[in-house]
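The values are calculated or read from the model by the stated rules, or taken from the named source; none is laboratory data. What you see is a predicted model, and the numbers here were worked out from it, not measured in a lab. FYI the Cβ positions are ideal-geometry reconstructions off the backbone, even for glycines, and counts take in every protein chain you see. What goes into the accessible areas is simple: the full protein's heavy atoms, side chains included, and nothing from ligands, DNA or RNA. Shrake-Rupley method; radii C 1.70, N 1.55, O 1.52, S 1.80 Å.
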Amino acid sequence: MVTLRLIQVSVVLLLTGCQSTGVTVDNQLKLEGAWHIEKINGQSVVNYSPAKLNFSQNGVLSGNNSCNTFSGNYTFIGDALTLAPEAGTMKACVDALESQEKQVMTLMPKVTQARLVKTQLLLQDEDDKTLFILNKTSNFQDDNVSVILEK
C-alpha cells in the first residue's frame, strides 16, 4: 500500500514537472544594460521615441523618459524590482512626447517586479499588471551618453 502510494505521488510530481506554459521565464534575469521602452501601460510608444531605461550594476538607474533624461536608483532582489527616479532635465517637447514622459515618470515608482518573457522585459505592478514592455538595446551606456553600435 505504501509502495503504491509512493509510486502515485512520484508519477504526479513527474508529470507536473513536465508541464510547459509555452512562455520562457528567466529566473536569473540580468537587468544590467540599456532597455528600450516599447509599450507603456499597454500602448505602443510614440514612433521614434527615445524612451529607455539603463540599469547599472551598482543600482544606478538612468534613461530617457521620452523627452528628458533622468537618473535615480533601483533595487532588484529575486524578481522584486523598485525604481526610484530622482533627478532629470526639463526640456520642452512636443505634446505627444510630453504626455508619454508623464506616463513614464508616474508609472516607474509603481513597478514592483520584473520578468523576462522570451526577449522582452516586463515591468509589472503589485497586481501583476504589465506597466512597461522593454527590449534590450545594443547601445553602450556610460554617464548618460549613448553611442549606437553600427554593424
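Ordered from largest to smallest accessible area (heavy atoms of protein chains, 1.4 Å probe), the residues K52, K39, K118 come out as K118, K39, K52.
Computed from backbone phi with θ = phi - 60° and the Karplus coefficients 6.51, -1.76 and 1.60, the 3J(HN,Hα) list for the range 83-88 is 10, 10, x, 10, 9, x Hz; x is used for glycine and proline. Of I77, I40, I133, the order by accessible heavy-atom surface (1.4 Å probe, DNA, RNA and ligands excluded), from most exposed downward, is I77, I133, I40.
The simple spin-label model puts a point 7 Å past each Cα toward its Cβ; for S99 and E32 those points are separated by 3.9 nm.
Close amide-amide hydrogen proximity is noted between T137 and A34, W35, H36, each under 5 Å apart and 5 or more residues distant or on a separate chain (H modeled in the peptide plane; Pro and chain starts excluded).
The solvent-accessible area of D79, taken with every protein chain present and a 1.4 Å probe, is close to 80 Å². Taken one residue at a time, the phi angles of the range 95-102 give Karplus couplings (6.51, -1.76, 1.60, θ = phi - 60°) of 4, 4, 6, 5, 5, 5, 4, 4 Hz. Gly and Pro are set to x. Backbone amide hydrogens, once placed in the peptide plane, bring G63 within less than 5 Å of N54, F70, excluding anything fewer than 5 places away on its chain. When M105, M90 are compared by accessible surface with a 1.4 Å probe, the order from highest to lowest is M90, M105.
Around the amide H of L31, modelled in the peptide plane, lies no amide H under 5 Å away from a residue 5 or more places distant or on another chain.
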